[in-house]
1. Once ligands and nucleic acids are excluded and a 1.4 Å probe is used, how much of Lys19 is accessible, expressed in Å² to the nearest 10?
2. Using a 1.4 angstrom probe and counting only protein chains, how large is the accessible area of Tyr16 in Å², to 10?
3. Give the angle, between 0 and 90 degrees and rounded to the nearest 10, that separates the Cα long axis of helix 22-33 from the longest principal axis of the Cα atoms of the chain.
4. Given H placed on each backbone N at 1.01 Å, which residues far from Val73 in sequence or on other chains put an amide H within less than 5 Å of it?
5. Using modelled amide H (1.01 Å from N, peptide plane; none on Pro or chain starts), what sits under 5 Å from the amide H of Trp11, excluding residues fewer than 5 places away?
6. Where Rh is the Kirkwood radius over the Cα pairs of region 10-77, the temperature 10 °C and the viscosity 1.306 mPa s, what D in µm²/s does Stokes-Einstein return?
7. So how do Phe13, Phe50 rank on accessible area, 1.4 Å probe, biggest first, that is with the largest at the start?
8. Ranked by accessible surface with a 1.4 Å probe, highest first, in what order do Glu32, Glu61 come?
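The values are calculated or read from the model by the stated rules, or taken from the named source; none is laboratory data. Keep in mind it's a predicted model, so treat the numbers as computed, not measured. Backbone-built Cβ (ideal geometry, glycine too); neighbour counts: all protein chains shown. Surface accessibility is based on the protein's heavy atoms, side chains included, excluding ligands, DNA and RNA. Shrake-Rupley method; radii C 1.70, N 1.55, O 1.52, S 1.80 Å.
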Amino acid sequence: MRKEIPNSLLWIFESYDLKNKNYLKDLDFIKENMAVDYITVSPRNGVQLFNTQQCHSVMRELVHRAHQLDLKVSLHL
């Protein structure tokens, strides 16, 4: 069985991505305009992954939407 190599994208995820749930719009843009099927999210500049109040619901929603778009997601820690 031959497996395809994923087309990946490194997403530098910053505080402005959190405002107004921009990350959901960005996911739609990625799906519509890029040949990407695998996204690595790298939290930076104002995004504190271990701050559950800030990030838990965001990451849950981001992954859920990505899966709806048939995109896989990983976290760069």
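1. 130
2. The accessible area of Tyr16 comes to roughly 130 Å².
3. That works out to roughly 20 degrees.
4. Placed amide hydrogens put Ile39 under 5 Å from Val73.
5. Long-range HN contacts for Trp11: Thr40, Val41, Ser42.
6. Stokes-Einstein gives a translational diffusion coefficient of 132 µm²/s.
7. Phe50, Phe13
8. Glu32, Glu61
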